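Below you'll find the structure, written out as structure tokens, and then a few comments.
What follows draws every value from the coordinates through simple rules; no lab data is involved. Source: prediction; values computed, not measured. Every residue, glycine among them, receives a Cβ derived from its backbone with ideal geometry; neighbour counts consider all protein chains shown.
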Amino acid sequence: MTSSATVVPTAEKGTSLGADAWRRLKRNRVALAGGIALVLIVTACFVLPVLLGMDPETTDPTRKNLPPSLQHFFGTDTLGRDYLARVLVGGQTSLLVGLAATAAVVIVGVLYGAVAGYYGGRVDEILMRFVDFLYGIPYMFLVILVMLMFSDTERGNPIPVFFALGLVQWLAMARIVRGQVLTLREREFVLAARVTGAGDMRIIVRHILPNVLGIVVIYATLTVPAVIILESFLSFLGLGVKLSWGQLVAEGVSVVNPIDSYWWLLFWPSVLLALTLFSLNFLGDGLRDALDPRTRR
Amino acid sequence: MSATETARPTKGPDTSRVVLSVRDLKKWFPIRKGLFSRVVGHVKAVDGVSFDIHAGETLGLVGESGCGKTTVGRTILRLNDPVTAGIAEFHGQDVFELQGGDLRALRRRMQIIFQDPYSSLNPRMTVESIVGEALTVHGMVANKKERRERVQDLLEKCGLDPIRHITRYPHEFSGGQRQRIGIARAIALEPELIVCDEPVSALDVSIQAQVINLLQRLQEEMGIAYLFIAHGLAVVEHISHRVAVMYLGRIAEIADTETLYANPVHPYTQALLSAIPSPDPDAPLNPHPLEGEVPTPINPPAGCRFHPRCRFAEDRCKSNTTPIPIYEVGPGHRVACILGENVDGAKRVGELVHGDDETSAS
Ligand SMILES: Nc1ncnc2c1ncn2[C@@H]1O[C@H](COP(=O)(O)OP(=O)(O)OP(=O)(O)O)[C@@H](O)[C@H]1O
Ligand code: SF4
Ligand SMILES: [Mg+2]
């Protein structure tokens, strides 16, 4: 069908979508680079501080606002805390919030959207009206409302933030999935499966979900950064977690002035944030392509 | 079985055994509007259709786009639940009454082949999973190895390469090959009836004949009956034992193939026949081409639904006060048209009921 004569690559072996996808992903250099970068960032944030006994909290008035040096690779902040430690530990929160909220968004959004789209009719109408209703509320208002339900001390840890951000993000996911499922449901290969006697469960799992996976992956990789940025905004309002990239960026911005440029305070968290977002995007694109057998790789 | 590669099945249909018997089938799709999804009208896609299909027989179902052919096929297969009215007896059992396990059992015996070879195969499944799914669903294979062997048999039967093709994905195939995969899927459960919904309309002319031949060969080998849908009479002549001509949700004329093509009685059948391009370049141009569009099935014309386009239309064709008669003008040859009365030996066997469509919520 295609180019070379020895095209029969996976023939006799017997392949599953998962194995095929993995094979295609491995050949996609950009996606692979994104994946590796992510692994490095995650490892650095979660392993290094423990391994090296880093301390992001101890202040030292004699070592305020030091630029990056061999002693403090990322410099120190306005209270004399080691900035590398702060950036890495802050990354823990950001990544945790981003990934956990996205996982929740994917699970809830996909299930909700799939049920609405697949069963259609009344069920769909009721489920989607509820989504419309939540959509109608300005999401920042919703997030802040949820945050205020928790006490000050609770607000310091990532759970409430994750909860609040997941709450607004799943709506879009549910809508996207529902729209896709609604059209897939009428596709002829789904009808063929029904004529064959396949049950709802089998149709959803084998025929519908694999065909929405691509768009779910893309949307999920967009959700992680969206959540991380939303979290930064909450930090900005003083509602976020104590230490996160968003918080650090906010602090970094506040000390930028024309006389003393403490550029590193803004630079490091921004770079790591950006690096994470790009890696996620590349990996997401690659995943989507890998999940589609039509991609030639 | 020599020299019949392209001719009609040698064994032919077993007319003593009716596989499917459809009576007064109606499928109206509700049109909903507004906040509370109020039903404001109906698309009367199928509005009183009756026919029988015998074992090993091909019944062609022909009509212009939108006349309800697909809806007939899908409603019978329970893809358009709930049915509006009528029955469809499969070996004497009304398919619309089946639930749960009984319905699943029926699924093994009735299958479908679609028109579009692209949207009819799941792009994320290999040929093996596509063709073998039915075997798994019905527990007809003990393990993967057995399933693979069965799928390879099926591929071979349908003219595909059992080794090289089995692990491929649909996008790697041409339209004709994809249609063969769809056929392999349909015959996997050895059904007695397959609804073929324009199975060759989307294919190149050169490929069409191959696919039709394949269907005919499978019919000979397995004794499958086909409801073969097409929108022109040219395609079905070759493959059908009998042909039903449909217009706006109703059957206009039904007869065995020779009779229908030689002695069409309904003006619509005549019009469709004269639309077939003649192989003879000196043949006169079609003197009475079909004019105008098919009216909407939401508000079909009163009386005979064909009357706005019929050059024989009389006053009695145009209102609901006089029902349109159905004549049997020969053995198994029925026509729903007043002109039936002019045929020697015509028997009036019924009439099209106008009844409820005008009292509906429209
Ligand atoms: N699910 C549906 N909901 C509402 N209307 C429908 C539905 N399916 C079909 N229809 C309408 O019913 C009528 C008959 O459609 P159908 O697809 O059965 O025609 P067809 O004879 O198969 O035409 P074609 O040659 O174009 O395939 C059309 O007017 C169509 O718009
Ligand atoms: S019943 Fe009347 S309008 Fe209808 S096809 Fe016959 S002659 Fe024409
Ligand atoms: Mg159709």
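Here is how the numbers come out for the structure above:
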| read-out | value |
| --- | --- |
| Shape parameters for the range B:3-248, alpha-carbon atoms, Rg then Dmax in Å | 18.3, 64 |
| Neighbour net charge for residue A:56 - beta-carbon separation under 11 angstrom, K R +1, D E -1 | -1 |
| Per-q log10 I(q)/I(0), chain A, q = 0.11 Å⁻¹ (Debye; single scatterer per alpha-carbon; no solvent) | -0.79 |
| Check: chain B dipole with +1 on Lys, Arg Cβ and -1 on Asp, Glu Cβ, in debye | 1240 |
| Dipole of the range B:3-248, positive end: most advanced residue of B:85, B:22, B:207 [Cβ charges, Cα centre] | B:85 |
| Cβ-defined net charge surrounding residue B:99, 11 Å radius [Lys, Arg +1; Asp, Glu -1] | -1 |
| Environment charge at residue A:245 (Cβ cut-off 15 Å; Lys +1, Arg +1, Asp -1, Glu -1) | -1 |
| Among beta bridges that DSSP assigns inside the protein assembly as shown, antiparallel share in %, nearest 5 | 70 |
| Derived scalar couplings ³J(HN,Hα) [the range B:307-324; Karplus, 6.51 cos²θ - 1.76 cosθ + 1.60; whole Hz; x for Gly, Pro] | 4, x, 10, 9, 7, 9, 4, 10, 4, 5, 7, 9, 10, 8, 6, 9, x, 7 |
| Those Cys residues of the protein assembly as shown for which no other cysteine Cβ falls under 4.7 Å | A:45, B:67, B:158, B:196, B:310, B:337 |
| Considering only the range B:3-248, percent of DSSP beta bridges that pair antiparallel, nearest 5 | 55 |
| DSSP H segments from chain A that extend 24 Å or more along their own axis, Cα-based, with Kyte-Doolittle mean of 1.6 or above | A:29-51, A:209-236 |
| Within straight-line cross-link reach of residue B:145, lysines at Cα separation under 17 Å, skipping those fewer than 8 residues along the same chain | A:13 |
| Helix axis angle, B:205-222 relative to chain B longest principal axis, alpha carbon, degrees | 80 |
| C-alpha long axis of helix B:144-157 to longest principal axis of chain B, angle in ° | 50 |
| Acute angle (nearest 10 degrees) that the helix B:175-187 long axis makes with the longest principal axis of chain B, alpha-carbon atoms | 90 |
| Simple spin-label estimate for residue B:144 and residue B:93 in nanometres, 7 Å along Cα-Cβ | 3.4 |
| At R0 = 30 Å, FRET efficiency that the Cβ-Cβ distance of residue A:44 and residue A:148 yields, to 0.05 | 0.35 |
| Ratio Rg/Rh, restricted to the range A:244-297 and using Cα atoms, in which Rh is the Kirkwood radius | 1.32 |
| Gain in span if fully extended, residue B:298 to residue B:38, counting 0.36 nm per residue against the direct Cα distance | 92.0 nm |
| Residue-averaged 222 nm ellipticity for chain B, from DSSP H runs of 4+ at -39500 (n - 2.57), nearest 500 | -7500 deg cm²/dmol |
| Other-chain or far-sequence residues with amide H under 5 Å of residue B:195's (modelled H) | B:111, B:112, B:113, B:227 |
| Size of electric dipole in the range B:39-96: Cβ of Lys, Arg +1 and of Asp, Glu -1, about Cα centre, debye, nearest 20 | 220 |
| Greater than 30 Å apart at Cα, pairs in B:44/B:157; B:69/B:157; B:26/B:318 | B:44/B:157 |
| At R0 = 41 Å, FRET efficiency that the Cβ-Cβ distance of residue B:312 and residue B:16 yields, to 0.05 | 0.65 |
